[in-house]
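The values are calculated or read from the model by the stated rules, or taken from the named source; none is laboratory data. This one's a predicted model, so the numbers in the text were calculated from it and none came from an experiment. Note that we place each Cβ from the backbone using ideal geometry, even for glycine, and neighbour counts take in every protein chain shown. When the accessible area is computed, the model is the full protein with side chains, heavy atoms only, and any ligands, DNA or RNA have been set aside. Shrake-Rupley method; radii C 1.70, N 1.55, O 1.52, S 1.80 Å.
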Amino acid sequence: GVLLVLVALPARAAARHAPFIIDQPSAFTLSAMPPAWLRSLGVGYIAAGGLDCTTFLDAIPGGPWYNASGTAYIHAQIAATRALIAEQKRAGLRVLSQSDIFQLPDLLLDRYMANLTVPGSTCIGYNKAPRCIDLRSEFTKTVMRALFSELVETFPEIDGIILRYGENSPCRYHQGNAPYELNDPVGSLQLLLQFLREELCVKRNLTVVFRTWDTSTAMFHANASFYTLVTDAVAPHPRLVFSIKHTMLDFWRRVRFNPTIGVGHHLQVVEAEIGGMYGGCGSWPLYIGEALINHYEEAQSDARLGLASVQKLPTFGGVLTNHQCNTPSVPDPWLWWRAEQAVISRWAANTTADEATLFDDYLRTDLNISSTEARTQFRQLALNAMTANLMIQTCAAFDAAVDPSQTDRPTANWMLWNAFGGLYQLNPASAPPGTCHAFNQSHCNVYPYLFNNSLFAAALEEKARAAAMYATMNQSAHDVIAPAIPNATVAKALLASVQAGVYVARIVSTGWAVMAEGYSGDRTGQYNVTAIRANIAEYDTLWRAYRALPSYYPVGLMTDAYWEHPNSGQPGMGHSIDQYRHL
């Protein structure tokens, strides 16, 4: 489940489109982002339920396409979706169904594999069909038309569909793959978009938001030439909108501003992530509003861009914010999520507004902080956290040198979701083949590069500086900010998040120190046993304290066992630390 909010610009005199605002609730975000609150921010559209999980496809001969448990599952999904739609409509929101494309019932694919797929083909996706689903097949078109018709009949209130292309995560009893046939990538996407435009926008008068998620510089999402080749073959339509991530890869730091933004002739919305899953899910301070709107501090000089840089382009149609993080768990009142959502939404509704003013207004009117000094320090805490988080998550001494164009996964994705990686991620020579998480295999040699270029000291100083910054933020939160917040729950949430950040920063700093000393000893044969033992003792102490925090602290499931999708069981930082306990 993912929460998506599409916030769009107000209508202007020369506007060619209606304002777009979309939200996609899920079980873990409904209470954090209730429809009425989103509507109060200017959000106009909300995504509800799944196109793929709410249809039976009884119009296709040979069914039923679900067994008893599958049928019960689909009925439950329909009921839940209807309840969501009713709540969203009461809040004054327009509703979009949402789905990954393509997804079809297991039994239907098994029965009609030869009619639905391209022989010998390969597509991208998870839990994917064994071959690419083929839109050149008239039978495939018949199935998709039946699916669209049933969706509209089941939910006549919907105003459109949001379709994610690239990653594909089918719901239960389904298989699927992304509509990107590897032997005809441009043609397969052109065919798909032309089909969607005709069937949904033209025939059914529905809005289609085509959400690009292939996460590759060579594919549709981030390759301007590829994007142009595909979209120029599709006639623009006021109800056909492309959603483009603001980064040219995933929502990582040290990644270039997406070069497809502003390209072509179709309306675009720019996608950003609230409560980022690569930044602790907002369990420690996380506020992307300033960087998203203006530019990220680490952006290269030739790509120092933000939403404010592109909002006057004729293709710019708004901002799509998504919420997909549920680990670590973040408790009520979802302090950082809501701050990000409020500022970004309100800016998108009035792009002439100043981001800093919107942030201050949120503190003053939403959190009721009357103290100017407290608001000033709160603002500085949010900005300092972005700087410290960058130092925690990435390594400037490595990334700036080996990937100056910012077109690869930073620091080999050593920190991913809720987990801290170790030498398996930072030194591929210590890991089995295929462990590297960068596109360019040499970009995984983080520790070898730092050692060979005498840069360990710089890397460790960066981590220590992040820990020192969090200590300063913690002091400010305790002494000035929290006492000025009238809502005790909000004040407690602020203190909890900053305290969690203190521990995370120190754990990373100490863990990197152990691994750097250990790796250096592996290379030279000479170990600084005193330093390694002292840092391991500190590392253990920090983890015990972090895990012992009260339950209202958003510590969630942060772990030093690495996690990769699909779950590979790769060891993380804890395993690397353990290698040097015998010294």
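Structure data summary
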quantity	calculated
Length-normalised contact order for the chain - Cα pairs under 8 Å, 6+ apart - percent	12
GluC sites (Glu not before Pro) lying in DSSP loop within segment 118-188, provided at most 16 other Cβ fall within 10 Å	Glu157, Glu167
Surface share of carbon and sulfur [accessible, 1.4 angstrom probe, percent] for segment 334-460	52
Accessible area of segment 450-583 divided out per residue, in Å², using a probe of 1.4 angstrom	44
Val186 - accessible surface, heavy atoms, 1.4 Å probe, Å² rounded to 10	40
Computed label-point distance, nm, for sites Asp361 and Arg111 using a 7 Å Cα→Cβ extension	5.5
Cut-off under 5 Å, modelled amide H: who pairs with Arg211 long-range	Leu163, Arg164, Tyr165, Ser243
Two-site FRET efficiency, His265 against Lys203, from Cβ-Cβ distance with R₀ of 22 Å, rounded to 0.05	0.50
Efficiency of FRET from Cβ geometry, Asn453 and Asp578, R₀ 30 Å, rounded to 0.05	0.65
Cβ-isolated cysteines (cut-off 4.7 Å), the chain	Cys201, Cys395
From phi via Karplus (6.51, -1.76, 1.60), per-residue ³J(HN,Hα) for segment 34-41 in Hz, x at Gly/Pro	x, x, 5, 5, 4, 4, 5, 7
Computed accessible area, Ser149, all protein chains, 1.4 angstrom probe, square angstrom	40
Å² per residue, accessible surface of segment 32-183 at 1.4 Å	38
On Cα atoms only, tilt of 138-154 relative to the major axis of the chain in degrees	80
Fraction of beta bridges assigned by DSSP in the chain that are antiparallel (%, nearest 5)	30
Residue (of Trp417, Ile244, Trp337) at the positive-pole extreme of the chain, dipole from beta-carbon charges	Trp337
Leading residue at positive end of dipole, the chain (Cβ point charges), from Pro119, Gly525, Asn294	Asn294
Dipole magnitude of segment 41-175 about its Cα centre (Cβ charges: Lys, Arg +1; Asp, Glu -1), debye to nearest 20	140
3J(HN,Hα) from dihedral phi, segment 115-123, Karplus parametrisation 6.51/-1.76/1.60, rounded to Hz, x for glycine, proline	8, 9, 10, 8, x, x, 8, 9, 10
Label of the coordinate-derived value, Rg/Rh (Cα atoms, Kirkwood Rh), listed as (1) 0.98; (2) 1.09; (3) 1.02	(1)
Segment Ala401-Thr376, extension gain: residue separation times 0.36 nm, minus the distance between their alpha carbons	5.5 nm
Listed residue (Tyr539, Thr260, Ile85) projecting farthest to the positive dipole end of the chain, Cβ model	Ile85
Residues whose placed amide H lies under 5 Å from that of Leu96, excluding near-sequence neighbours	Ile46, Ala47, Ala48, Asp159
Structure-based [θ]222 nm, the chain - -39500 (n - 2.57) summed over DSSP H runs of at least 4, per residue, nearest 500	-12500 deg cm²/dmol
Centre separation in Å (Cα based) which lies between segment 384-431 and segment 488-557	17
Relative packing of peptides 315-325, 356-366, 60-70 - highest average C-beta neighbours within 10 Å first	315-325, 356-366, 60-70
Size of electric dipole in the chain: Cβ of Lys, Arg +1 and of Asp, Glu -1, about Cα centre, debye, nearest 20	620
About the Cα centre, charge dipole magnitude for segment 425-583 (Lys/Arg +1, Asp/Glu -1 at Cβ), debye	200
Nitroxide proxy distance, nm - points 7 Å out along Cα→Cβ at Ser40 and Glu297	3.2
Segment 536-546 - phi-based ³J(HN,Hα) in whole Hz, Karplus 6.51/-1.76/1.60, Gly and Pro as x	5, 4, 5, 4, 5, 4, 5, 5, 4, 5, 4
Spatial separation of Cα centroids for segment 122-174 and segment 280-322, in angstrom	31
Portion, in percent, of the accessible area of segment 228-332 that falls on carbon or sulfur, probe 1.4 Å	51
Spin-label model distance (nm) - Tyr527 vs Ala468, 7 Å beyond Cα toward Cβ	3.0
Under 27 Å from the Cα of Lys492 - lysines, other chains or at least 8 residues apart	Lys463
Built amide H within the under 5 Å cut-off of Leu57, gap 5+	none
